[in-house]
């Protein structure tokens, strides 16, 4: 591998110096590029030609490429089997580049585009590169050839849905986003709980959730958001189509308050350890977990579709290290009995003891150097994925870890093998698989939205994609250049969770008021607008205005007038409701309103003057466990909804005019 990388480092360096204008700018960066003279302009209507010898294997990749060409560029491409001709996109499989792995591909641009790969996954990654090239080269594709492959085998992201629910629609969109950047691993943290100090130091009142439908234990599933077994299964199968393995995580024996709320007899002594700890000495705990895991990994058509199952095993009280090791070893072996590969959080260097834990063939998330020694795990036969908290943990608006990752430092200095102390591994280290970053929603109820999380995770995903696929590239591409490319590269075909809008948009025709009677809505051409933005409109409510009336509605939020019959504006999203208490809108007269939003908060302007800013609300609590004061920082943000003005059932009554939206 090192020799291979050295050769292609020379090639790519040549590309950036002698042919700087012609090297395709994509994320992640190409491993190699050999440029040729001329450009290829693909026709608006064309063909995706699949080699008849591998038509069945490549059918799905060809279908998705055709759909994405239409979505992104309005191009109509039919899929056929046969031989390529000028202007076609040709896809085939061969063993020519098999030494680079099943994710490698060769992309050749001449009189037509050719994507060849050893396996379907590599061919699919080639289609993602082609889409980015088409986006970034609107005047035609530079002719040449790329040989591309990942430096690290596993490139991933973990999302905590236990403490904050994310809709299935959001997760499905994230699969497409990850695939667009060739990330291949998504860990879904399915259960967890809030911090007891934010719930009056009462474990029985502390928020906890398990997000999956469960037949074995009726009532266990969270009531404020969950996934049916069938939709979660379908989600994993969709991810597999996009080249991504989903790792479902059921976190035990700590972080297990959802289970002890369901059956308090499962809890350890909550005075000593906290009610979120399962009792490792009780047979009932093992019987409960055996049944729970078997529901999702047992049978001919298990709910957990992929090869991996994560069993947690982090942050249990150190006083029970010996029994913790027994528990961990038991469930590693239990998962293996079902033909699955167990995944655990690295904890065994803190949880010292004589009980052997068989890590052979097990995957370990190396999340903290003190809790786990990477080389020790590798020596025991484990596969290791770096998730070092010091570099790769996002905890939104918590005041510790990162709110936004340190992108420049990661791009210029970080390597995938870098932990808190030194660099214990690289791409050639046997058993070292790659890296993942994580988002933890520790502060339950702090107002963070799905899209607030996305504003934090998407740039991290772009950066990690480049670092894990290409490797270190800062000498060839300065951070400023990479950052600029990130800003202009789409999230994925047909996805705009960032709410990007080009220029100032007239949402309604200037000077033409829209009259609404409370039972009708006007559809617009803008779904929503993201940070930072300004939305302006003039409004005249009826003299008898509707109560809690929806003025604007989008895919993720609603903007309300006359909240609780007070004349106040409010907005709702992600199960939260936020109110502008500092202003009451008068009925029967025209008022000019402007809403400004950014990643920190939301502002209301009335007739050009700031009426109220929702930002910076802090709640201070006493932490009885550590005898200290802790704080929660509330997030009162809004990606402004614009898909509809009014609503068919709970709509605004009155007139609205001159609605404009502008991203700053």
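The values are calculated or read from the model by the stated rules, or taken from the named source; none is laboratory data. Everything numeric here is computed off the predicted structure, so don't read it as measured data. Positions of Cβ are generated from backbone atoms using ideal geometry, with glycine treated the same way; all protein chains shown enter the neighbour counts.
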Worksheet item: Where in the stretch 45-99 are there strands (runs of 3 or more DSSP E), lying fully within it, with 2 or more residues that are farther than 15 Å from residue 127 by Cα, at pLDDT 95 or above and in contact with a helix residue (DSSP H, G or I) (Cβ under 7 Å, 6 or more places away or on another chain)?
Response: 76-81
Fill in: Top-ranked residue in the stretch 344-383 [being in a strand (DSSP E or B) and over 22 Å from residue 318 (Cβ atoms); ranked as nearest to the chain's Cα centre (by Cα)]
363
Practice prompt. Report those strands (runs of 3 or more DSSP E) wholly inside the stretch 121-227 carrying at least 3 residues which are surrounded by fewer than 22 Cβ atoms within 10 Å (Cβ to Cβ).
Written response: 141-148
Item to complete: Output yes when any residue across the stretch 404-411 is in contact (Cβ under 8 Å) with a residue 24 or more places away in the chain, surrounded by fewer than 20 Cβ atoms within 10 Å (Cβ to Cβ) and within 30 Å of residue 621 (Cβ to Cβ), and no when none is.
Response: yes
Worksheet item: Which residues, counting only those in the stretch 307-339, are closer than 22 Å to residue 237 by Cα and under 24 Å from the mean Cα position of the chain (by Cα)?
Response: 307, 308, 309, 310, 311
Discussion item. I need the full set of residues from the stretch 453-468 which are out of contact with any helix residue (DSSP H, G or I) (no Cβ under 9 Å at 6 or more places or on another chain) and surrounded by 24 or more Cβ atoms within 10 Å (Cβ to Cβ), in order please.
Written reply: 468
Worksheet item: Here is a list of conditions, (1) over 29 Å from residue 244 (Cα atoms); (2) in contact with a strand residue (DSSP E or B) (Cβ under 9 Å, 6 or more places away or on another chain); (3) at pLDDT below 95, and residue 23 meets all of them except one; can you say which number that is?
Response: (1)
Worksheet item: If the Cβ limit is 8 Å and pairs must be 6+ apart or interchain, which residue in the stretch 372-390 that is under 10 Å from residue 359 (Cβ atoms) pairs with which residue that is in a helix (DSSP H, G or I)?
Response: 384/374; 384/377; 384/378
Worksheet entry | Scan of the stretch 254-287 for residues that are part of a helix (DSSP H, G or I) and crowded, with 21+ Cβ neighbours inside 10 Å, ordered by number | 257, 258, 259, 260, 261, 266, 285
Worksheet item: Given (1) in contact with a strand residue (DSSP E or B) (Cβ under 9 Å, 6 or more places away or on another chain); (2) without any contact (Cβ under 8 Å) to a residue 60 or more places away in the chain, where does residue 594 come up short, assuming only one miss?
Response: (2)
Discussion item. I'd like the full set of residues that are surrounded by 15 or more Cβ atoms within 10 Å (Cβ to Cβ) and without any contact (Cβ under 8 Å) to a residue 24 or more places away in the chain, limited to the stretch 332-365.
Written reply: 364
Discussion item. Restricting to the stretch 366-375, give me the number of residues that are exposed (fewer than 15 other Cβ atoms within 10 Å of the Cβ) and either outside the structural domain of residue 286 (by TED's automatic domain parsing) or over 18 Å from residue 321 (Cα atoms) (or both).
Written reply: 1
Item to complete: Please state which one of 654, 567, 608 is more than 34 Å from the chain's Cα centre (by Cα), more than 22 Å from residue 447 (Cβ to Cβ) and touching a residue at least 60 places away in the same chain (Cβ under 8 Å).
Response: 654
Practice prompt. Within the stretch 605-647, track down each residue that is under 15 Å from residue 561 (Cα atoms) and touching a strand residue (DSSP E or B) at 6+ places or on another chain (Cβ under 6 Å).
Written response: 605, 640, 641, 642, 644, 645, 646, 647
Discussion item. What's the total number of residues in the stretch 469-512 that are crowded, with 21+ Cβ neighbours inside 10 Å and under 18 Å from the mean Cα position of the chain (by Cα)?
Written reply: 5
